[in-house]
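Enquirer: Dropping the structure in here first, questions after.
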Amino acid sequence: MAEEAAVRAQAEAVRRLKQDKADPDEIAKEVAKLLEMKAQLGEDEGKQKFVLKTPKGTRDYGPKQMAIRERAFSAIISCFKRHGAEVIDTPVFELKETLMGKYGEDSKLIYDLKDQGGELLSLRYDLTVPFARYLAMNKITNIKRYHIAKVYRRDNPAMTRGRYREFYQCDFDIAGQFDPMIPDAECLKIVHEILSDLQLGDFVIKVNDRRILDGMFAVCGVPDSKFRTICSSVDKLDKVPWEEVRSEMVGEKGLSPEAADRIGEYVQLHGGLDLIERLLQDPALSQNKLAKEGLGDMKLLFEYLTLFGITGKISFDLSLARGLDYYTGVIFEAVLLHQENEHVEEPVSVGSVAGGGRYDGLVGMFDPKGRKVPCVGVSIGIERIFSILEQRLEASEEKIRTTETQVLVASAQKKLLEERLKLISELWDAGIKAEMLYKKNPKLLNQLQYCEDTGIPLVAIVGEQELKDGVIKLRIVATREEVNVRRESLVEEIRIRTNQC
């Protein structure tokens, strides 16, 4: 048939495009045409085969993974709330023009959506730009907020290291005009609290300032037009050696070898207050207005961090650049240090687990009158943290509970389904987390085994004798101890026992 021949021809055209590594958009267009022709022909009707996989750079999370994830979220949210943050949410996609030009060279990783209704849209790349748009749109000049939501990046995923195309970010930001470095110090304290609470191992929080970087570039002889592109090269220093970064600056980005060598002398420095004092005396840097401002604020920041008692985990590091265009002042990044784990043969390496900084100009980009709202914030890399927690728990073989059920309502004899249903309803109405097996006459042994398998700590057993006596037999699964409890006291007894388990 002519239709079948056309489908075969179209399939061959798609195969050739893939073979020739043609433009992905062109391939997608031809594949869509092929699927449409097949649908019209109906040749796959009744026997269509689906490829059962998640899209590249994404994953499913089963009950065990979600239980681990919820533990981490709980620690992070409680920290954000402890510091007085309110919660907001924004749409998963924004107008494309809202996102473009805010991320420097990373803008190419933004996911564009096909036009569906007259607006050019893109999936959000982070939670910071939508937050700035929200502030400008609602004329908000003062807020402390947190936002936990999914973001999307058309990146090359590295799933084993917690690097995905769809992932959660946990953001905390302080917006408003305040005295220098007080909100910035609180953001660093929050990172310290969260990483300590999650017990991920030893870590260091690197700090720098974009003004120090820009001043350093200026005194090293980098042209103004190359500041941002050279900044993105310096940002790679945590992944590749200085020689490779220098080669990129000179060979690919046209920087003079002399300027690159001068940068090299600075970006390999790291320390604390002593280094700040030394750089304030540096003949070149001290003459640069931007660098001097940045170093003055950095000194103040370290004084506040000393009062918080966390300088042991903070390193002033001149190689820290953070490639995003919107940072204007202090920048920071938390990195887990190489750790040997007694349960894991291979040490877990996941890169940075939190980052952030000051972005005083971003809100003004959206405000019609260009009114600025100073902001500083931090983003916790939950996916990378989750990768470590997941691998650690798998290696330790710790049993993970995937439900919060407090009690299983069980029966000791047959024909007690109605009594079980009445009792479980009473427990649910009292706010007790309860389950029962969905069989009319389950064996008591099977019911007890279900509690062992799922970690349910208590069993409320309904029996003929107990019904006559007006009591319920409460069994503690861990010790196998059994006590008779008056029915009217059962809810209180379960609450007391659950707190002890």
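The values are calculated or read from the model by the stated rules, or taken from the named source; none is laboratory data. The shown structure was predicted, so the numbers you read here are calculated from the model rather than taken from an experiment. Because the Cβ atoms are built from the backbone with ideal geometry, glycine has one as well, and the counts that use them run over all protein chains shown. Each accessible area value is taken on the protein alone, full model and side chains, heavy atoms only, with ligands, DNA and RNA left out. Shrake-Rupley method; radii C 1.70, N 1.55, O 1.52, S 1.80 Å.
Enquirer: From the Cα trace of the range 46-156, what convex hull volume per residue do you get, rounded to a whole Å³? Mind showing how you got there, number by number?
Expert: Numbers: hull volume 19.5 nm³, N = 111.
Hull volume over Cα atoms, normalised by residue count, gives 176 Å³.
Enquirer: Can you give the FRET efficiency for THR54 and GLN116, using 1/(1 + (r/R0)^6), R0 = 25 Å, r = Cβ-Cβ distance, to the nearest 0.05?
Expert: Numbers: r = 23 Å, r/R0 = 0.94.
After rounding to 0.05, the efficiency reads 0.60.
Enquirer: Considering the options PRO283, GLY271, ALA260, tell which one lies farthest towards the positive end of the dipole of the range 254-293, charges being +1 on Lys and Arg and -1 on Asp and Glu at the Cβ, about the Cα centre.
Expert: PRO283
Enquirer: Report the local net charge at LEU307: Lys and Arg +1, Asp and Glu -1, summed over other residues whose C-beta lies under 12 Å from its C-beta.
Expert: Numbers: positive: LYS189; negative: GLU186, GLU303.
My count for the surroundings of LEU307 gives -1.
Enquirer: Report the accessible area of TRP428, computed with a 1.4 Å probe over the heavy atoms of all protein chains in place, in Å² rounded to the nearest 10.
Expert: It works out to around 140 Å².
Enquirer: Can you compute the charge dipole magnitude of the range 349-446 about its Cα centre, using +1 on each Lys and Arg Cβ and -1 on each Asp and Glu Cβ, nothing else charged? Give it in debye, rounded to the nearest 20. Walk me through the numbers before you get to the answer.
Expert: Values: 16 positive and 13 negative charges, 48 e Å.
Computed charge dipole of the range 349-446: roughly 240 debye.
Enquirer: Of the accessible area of the range 392-501, with the probe set at 1.4 angstrom, what percent is carbon plus sulfur? Walk me through the numbers on the way to the answer.
Expert: On the way: 3230 of 6710 Å².
Roughly 48 percent, rounded to a whole number.
Enquirer: Show me, bin by bin at 10 Å from 0, the whole-percent P(r) of the range 1-41 based on Cα pairs.
Expert: Spelled out bin by bin, the range 1-41 gives 33, 50, 16, 0 percent.
Enquirer: Another question about this same structure. What is the sum of charges, Lys and Arg at +1 and Asp and Glu at -1, for the other residues whose Cβ falls under 9 Å from the Cβ of GLY271?
Expert: On the way: positive: ARG278; negative: ASP274, ASP317.
Summing Lys and Arg as +1 and Asp and Glu as -1 gives -1.
Enquirer: Further question on the same structure: Tell me, in nm to one decimal, what length is gained between GLN19 and ASN484 on full extension, where the rule is 0.36 nm per residue of separation less the Cα-Cα distance?
Expert: Values: separation 465, 0.36 × 465 = 167.40 nm, distance 7.39 nm.
The span from GLN19 to ASN484 would gain 160.0 nm if fully extended.
Enquirer: Pop out the carbon and sulfur fraction of the accessible area of the range 179-317 as a percent, whole number, probe 1.4 Å. The partial results should precede the final answer.
Expert: Numbers: 3140 of 6190 Å².
Here carbon and sulfur together make up 51 percent of the probe-accessible area.
Enquirer: Given labels modelled 7 Å from the Cα in the Cβ direction, how far is it in nm from THR306 to GLN413?
Expert: With each label placed 7 Å out from Cα toward Cβ, I get 7.8 nm.
Enquirer: Provide the descending list of Cα extents for the range 407-498 along its principal axes, expressed in whole angstroms.
Expert: 30, 29, 23 Å, listed from the longest principal axis down.
Enquirer: Can you tell me the length gained on complete extension of the stretch ARG154 to SER396, counting 0.36 nm per residue apart and subtracting the Cα distance?
Expert: Values: separation 242, 0.36 × 242 = 87.12 nm, distance 3.39 nm.
Between ARG154 and SER396, full extension yields 83.7 nm more.
Enquirer: By average Cβ neighbour count within 10 Å, what is the ranking of 392-399, 329-336, 186-193, 473-480 from highest down?
Expert: On the way: 392-399: 12.9, 329-336: 24.2, 186-193: 22.1, 473-480: 14.8.
Answer by packing, highest mean first, reads 329-336, 186-193, 473-480, 392-399.
Enquirer: Ok, one more. Taking every pair of alpha-carbon atoms in the range 78-123, what share in percent sits in each 5 Å bin, from 0 to the bin with the longest distance?
Expert: 5, 18, 20, 15, 11, 12, 12, 5, 1
Enquirer: Give, as a single signed number, the net charge of other residues whose beta carbon lies under 9 Å from the beta carbon of VAL219, with Lys and Arg counted +1 and Asp and Glu -1. Present the calculation step by step, with values, prior to reporting the outcome.
Expert: Values: positive: ARG262; negative: ASP282.
That works out to 0.
Enquirer: List the relative contact order of the range 407-498 as a percent without decimals, with contacts defined as Cα pairs under 8 Å and 6+ residues apart.
Expert: Numbers: 141 pairs, mean separation 26.9, N = 92.
Answer for the range 407-498 is 29 percent.
Enquirer: Let me ask you something else. How big is the range 102-248 on each of its three principal axes, counting only the C-alpha atoms and giving the largest first in Å?
Expert: Ordered largest first, the range 102-248 gives principal extents of 47, 39, 37 Å.
Enquirer: Follow-up question, since we're still on this one. So what J values fall out for the range 390-401 if you push phi through Karplus, 6.51 cos²θ - 1.76 cosθ + 1.60 with θ = phi - 60°, rounded to Hz, Gly and Pro as x?
Expert: Once θ is set to phi - 60°, the couplings for the range 390-401 become 5, 5, 5, 5, 4, 5, 7, 6, 5, 7, 9, 7 Hz.
Enquirer: Calculated from DSSP H runs of 4 or more alone, at -39500 (n - 2.57) each and per residue, what is the 222 nm mean residue ellipticity of the chain, nearest 500? Mind showing how you got there, number by number?
Expert: Values: 18 runs with 211 residues, N = 501.
Calculated from helices alone, the mean residue ellipticity at 222 nm is -13000 deg cm²/dmol.
Enquirer: Let me ask something additional. Stretched out fully, how many nm does the piece from LYS81 to GLU265 gain, at 0.36 nm a residue minus the Cα gap? Display every interim value, and only then the final one.
Expert: On the way: separation 184, 0.36 × 184 = 66.24 nm, distance 4.20 nm.
That pair, LYS81 and GLU265, stretches by 62.0 nm at full extension.
Enquirer: By per-residue mean of other Cβ atoms within 10 Å, what is the highest-first order of 95-103, 292-300?
Expert: On the way: 95-103: 16.6, 292-300: 19.8.
Peptide ranking by packing, descending: 292-300, 95-103.
Enquirer: Excluding same-chain residues fewer than 8 positions from LYS292, which aspartates and glutamates have a Cα within less than 14 Å of its Cα?
Expert: Reachable aspartates and glutamates: ASP209, ASP214, GLU277, ASP282.
Enquirer: Which log10 I(q)/I(0) values, to two decimals, does the range 127-194 give at q = 0.11, 0.12, 0.29 Å⁻¹ under the Debye formula with one point per Cα?
Expert: The Cα Debye sum returns log10 ratios of -0.37, -0.44, -1.24.
Enquirer: What does the convex hull of the alpha-carbon atoms of the chain project to on average, in nm²? Write down the numbers at each step before the final one.
Expert: On the way: hull surface 135.1 nm².
The number I arrive at for the chain is 33.8 nm².
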